[in-house]
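Notes follow the structure.
The values are calculated or read from the model by the stated rules, or taken from the named source; none is laboratory data. This one's a predicted model, so the numbers in the text were calculated from it and none came from an experiment. Note: ideal-geometry Cβ built from the backbone for every residue, glycine included; neighbour counts use all protein chains shown. Side chains included, ligands, DNA and RNA excluded: accessible areas come from the protein's heavy atoms. Shrake-Rupley method; radii C 1.70, N 1.55, O 1.52, S 1.80 Å.
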Amino acid sequence: DAGVIQSPRHEVTEMGQEVTLRCKPISGHDYLFWYRQTMMRGLELLIYFNNNVPIDDSGMPEDRFSAKMPNASFSTLKIQPSEPRDSAVYFCASSLSPERSEQYFGPGTRLTVT
Amino acid sequence: GQQVMQIPQYQHVQEGEDFTTYCNSSTTLSNIQWYKQRPGGHPVFLIQLVKSGEVKKQKRLTFQFGEAKKNSSLHITATQTTDVGTYFCAGGDYKLSFGAGTTVTVRA
């Protein structure tokens, strides 16, 4: 099993640019989660999907952030326009079901906005 | 919403010593999960506890779920350099609420 795949692993961009982060969950997992991790705020849940449908996006910081899951094997997190305070590590995770709720994290994307 | 608090935030341990990290919730949890994140890595699932008073062991790690299902602990015996990292507890069903983590460093 390849595990959760994220790309890119590192992204450096200038303020105002659009950033798109990508995630491929583990095959067969019904739930997909996007997290942001910073030293100051720790691990924050941004949004999660169940069977490709967004269920809870209350953690999305503001309208500059959007996430989609067009099919069971692909999700994107987009930031437009990006700001320096968006600099963080963004993790994607997936889990099988409510009964098997342990989450498998991808390697993360380290985003730096200058 | 559900909040999970962890203490201590940092734990500096002499190699070979034991230590415990604690996790407390403001509400009753259906289950508690523990994750470990190595420096520069991603969180990795360690274990899940579901039953009141449940105790599970993984080699030198002992996990406990409180009787009221509002707290949990992770005890590591004979700490090794491989135990370095941040340990997170997380509560909830499929939507987990993560604690801030306990970052462990080991003095050889």
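Give B:K36/B:K57; A:K24/B:K70; A:K24/B:K36; A:K68/B:K70; A:K24/A:K68; A:K24/B:K69 a once-over and call out the pairs whose C-alpha atoms are over 24 Å from each other. Too far apart for the 24 Å limit: A:K24/B:K70; A:K68/B:K70; A:K24/B:K69.
For the stretch B:5-108, the solvent-accessible area works out to 48 Å² per residue, with a probe of 1.4 Å and every protein chain left in place. Across the stretch A:23-38, coupling constants 3J(HN,Hα) worked out from phi with the 6.51/-1.76/1.60 Karplus curve, θ = phi - 60°, read 8, 10, x, 5, 4, x, 7, 8, 10, 10, 10, 10, 10, 10, 10, 9 Hz, and Gly and Pro carry x. Rounded to the nearest whole Hz, the Karplus-based 3J(HN,Hα) values (6.51 cos²θ - 1.76 cosθ + 1.60, θ = phi - 60°) of the stretch B:6-15 follow the sequence 10, 9, x, 6, 10, 9, 9, 10, 6, 3, with x at glycine and proline.
Please label the shape of the protein assembly as shown as rounded, prolate or oblate, based on the square roots a ≥ b ≥ c of the eigenvalues of the alpha-carbon gyration tensor (a/c under 1.5 means rounded; beyond that, a/b larger than b/c means prolate, else oblate). Prolate, since a/c reaches 1.5 and a/b exceeds b/c. Our summary of shape: the Cα atoms of the stretch A:36-86 have principal axis extents of 32, 22, 18 Å, ordered from largest down, in whole angstrom. With Rh defined as the Kirkwood radius, the inverse of the mean 1/r over Cα pairs, the Rg/Rh of chain A is 0.95.
The heavy atoms of B:E54 offer some 40 square angstrom of accessible surface to a 1.4 angstrom probe. Charge dipole of the stretch A:1-105 (Cα centre as origin; +1 on each Lys and Arg Cβ, -1 on each Asp and Glu Cβ, all else neutral): 200 debye, rounded to the nearest 20. Taking the chain by itself as reference, the stretch B:79-108 contains these residues with an accessible-area loss of 30 Å² or more in the full protein complex (1.4 Å probe, heavy atoms): B:Y94, B:K95, B:L96, B:F98. Here the mean projected area of the convex hull built on the C-alpha positions of chain B is 6.2 nm².
Each residue of the stretch B:102-108 was assigned a 3J(HN,Hα) from its phi angle through the Karplus expression (A = 6.51, B = -1.76, C = 1.60, θ = phi - 60°), giving 10, 8, 10, 10, 10, 9, 6 Hz with x at Gly and Pro. Note on chain B: with a GNM built from Cα contacts shorter than 10 Å, the maximum mean-square fluctuation among B:Q58, B:Q80, B:Q11 falls on B:Q58.
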